[in-house]
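**Student:** Can you read through this structure? Questions will come right after.
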Amino acid sequence: MINKERILDNFLGYVQMESESRNEENFSKVIRKELQDLGFEVYVDEAGKKAGSNTGNIIAKLKGTKDAEPILFSSHMDTVVPGKKIKPVIKDGVIYSDGTTILGGDDKAGVAAIIEAVKTMKENNIAHGPIEIVFSICEEVGLLGAKNLEYDKIEAKTAFVLDSGGEPGQIIIKAPAQDKIEVTVIGKSAHAGVAPEEGISAIQVAASAINRMKLLRIDEETTANIGMIEGGKATNIVCPEVKITAEARSLSNEKLDRQTAHMVACFKEAAKEFGVEVEINTPRSYGALNVDENDPIVNIAKKACEAIDVTPFTAASGGGSDTNILNENGIKAVNLGIGMKKCHTLEEHISIQDLENGARLVLSIIQTV
């Protein structure tokens with residue numbers, strides 16, 4: 001029933017609408033109009049003011065034609081950079097960019113799948129329960145849209161997020177918690193050529209701390225990374241201050257606590273050895289996602305996959321998503337694979353078949369509930 005040509009045309013149009021994080025308004029206007037034309041009550045919340053975006057999350061509601069619990073579908077509207085002037089190219093049934101930008105399938109493939117499924121549902125007069133849709137902003141810069149979503153506007157307690165790079169059939173039931181680790185090392189400046197012994201290099205202190213850390217792949221559930229180091233003024237000045245931005249992730253909150261504590265201890269030990277001060281902040285970006293394999297929401301997703309001859313399988317993800325935040329706010333959610341490949345790179349791509357299967361899966365979930 002899914003209109004393959006229509007979803008392809010819509011997706012190609014969507015990715016050419018610029019919507020890098022915090023600049024989603026133009027794309028949002030188009031999507032809001034489509035939802036209104038489909039009979040949805042559409043509301044834009046105030047999340048943009050808190051996230052620094054030029055628009056808020058889209059919250060859309062459609063009354064049911066049968067007695068059933070409301071369900072929520074969600075994808076995010078923003079893309080990573082470089083996401084301007086995207087030129088999609090189709091080769092052998094696969095959609096790429098021209099190689100100078102990302103494609104934007106993350107997460108406009110999810111948006112396209114949800115919109116196409118609802119269009120098909122309406123065209124074929126398929127009975128459905130109440131449907132809610134959230135198209136969020138600023139997912140790529142810290143899940144800020146989901147964190148600031150007006151949850152009092154949401155009635156559904158079950159949600160399907162379309163934002164995983166796995167093939168349709170993948171059901172993400174585990175995803176890591178993440179801590180940000182923000183460190184400022186305060187050294188002592190001096191003339192590097194005249195009196196370097198009078199200074200204490202913040203760069204050297206930071207290097208000493210990082211050198212003693214366990215980083216990258218810690219175990220099968222835990223990772224850690226030093227992402228950015230900023231500091232220094234000139235080669236003839238002993239560096240007085242360095243800022244380090246790092247992260248740690250784990251499917252286990254307890255393991256994450258240990259890894260973050262380890263990294264903090266390394267910075268404190270190095271600072272003590274060199275006799276300098278260090279300022280450390282470790283905010284938790286989001287908690288771990290952990291949905292039971294036998295939870296009713298997983299069973300719904302599996303039945304929906306089987307109904308369209310797609311093999312379902314559960315999996316764990318190495319990245320967080322809006323799914324984590326929805327669960328933290330009392331909405332049981334899983335993240336579904338929609339076939340995006342090499343996301344956040346210039347080689348990002350998605351097959352037309354996976355694009356179509358994503359829409360087929362959304363429609364099947366509507367019919368299964």
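The values are calculated or read from the model by the stated rules, or taken from the named source; none is laboratory data. Keep in mind that what you see is a predicted model, and the values were worked out from it rather than measured. Using ideal geometry, Cβ is built from the backbone for each residue, glycine included, and neighbour counts are taken over all protein chains shown.
**Student:** Looking at Glu34, Glu41, can you tell me which residue is surrounded by fewer than 19 Cβ atoms within 10 Å (Cβ to Cβ) and farther than 24 Å from Lys87 by Cα?
**Tutor:** None of the others qualify; the one that does is Glu41.
Conditions (1) in contact (Cβ under 8 Å) with a residue 12 or more places away in the chain; (2) more than 15 Å from Ala177 (Cβ to Cβ), marked per residue:
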| position | (1), (2) |
| --- | --- |
| Asp257 | no, no |
| Ala271 | yes, yes |
| Val278 | yes, yes |
| Ala301 | yes, yes |
| Thr323 | yes, no |
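**Student:** Next question. Restrict the check to the range 161-173 and report whether at least one residue is of a type outside the set (Gly, Ala, Ser), farther than 17 Å from Gly320 by Cα, over 20 Å from the mean Cα position of the chain (by Cα) and assigned by TED's automatic domain parsing to the domain that holds His349.
**Tutor:** Going through the range 161-173, the residues of a type outside the set (Gly, Ala, Ser) turn out to be 161-163, 167-168, 170-173.
From what's left, farther than 17 Å from Gly320 by Cα: 167-168.
Filter again for over 20 Å from the mean Cα position of the chain (by Cα), leaving none.
Looking through the range 161-173, none of the residues is of a type outside the set (Gly, Ala, Ser), farther than 17 Å from Gly320 by Cα, over 20 Å from the mean Cα position of the chain (by Cα) and assigned by TED's automatic domain parsing to the domain that holds His349.
**Student:** Separate question: Cβ contacts < 8 Å: first residue assigned to a helix (DSSP H, G or I), restricted to the range 1-19; second residue basic (Lys, Arg) and at pLDDT 95 or above, any location; separation 6+ or different chain. Result?
**Tutor:** Arg6/Lys119; Phe11/Lys108; Tyr14/Lys108; Val15/Lys108
**Student:** Hey, another quick one. Just the residues that are under 19 Å from Leu289 (Cβ atoms) and touching a Gly at 6+ places or on another chain (Cβ under 9 Å), please, taken from the range 303-318.
**Tutor:** Residues satisfying the conditions are Pro312, Phe313, Ala315, Ser317.
**Student:** Against the conditions (1) without any contact (Cβ under 8 Å) to a residue 12 or more places away in the chain; (2) crowded, with 17+ Cβ neighbours inside 10 Å; (3) not acidic (Asp, Glu), where does Phe267 fall short? Just the number, please.
**Tutor:** (1) is the only condition that Phe267 fails.
**Student:** Next question, about the same structure. Quickly run through the range 188-213 and pick out the residues that are under 43 Å from the mean Cα position of the chain (by Cα), among the aliphatic types (A, V, I, L, M) and assigned to a loop (DSSP other than H, G, I, E, B).
**Tutor:** Correct list: Met213 only.
**Student:** Only one of (1) in a strand (DSSP E or B); (2) surrounded by fewer than 19 Cβ atoms within 10 Å (Cβ to Cβ); (3) touching a residue at least 24 places away in the same chain (Cβ under 8 Å) is not met by Asn225, so which one is it?
**Tutor:** Against the list (1) in a strand (DSSP E or B); (2) surrounded by fewer than 19 Cβ atoms within 10 Å (Cβ to Cβ); (3) touching a residue at least 24 places away in the same chain (Cβ under 8 Å), Asn225 comes up short only on (3).
**Student:** So which residues in the range 240-260 are among the charged types (D, E, K, R) and either assigned to a strand (DSSP E or B) or buried (at least 23 other Cβ atoms within 10 Å of the Cβ) (or both)?
**Tutor:** Result: Glu241, Lys243, Glu247, Arg249.
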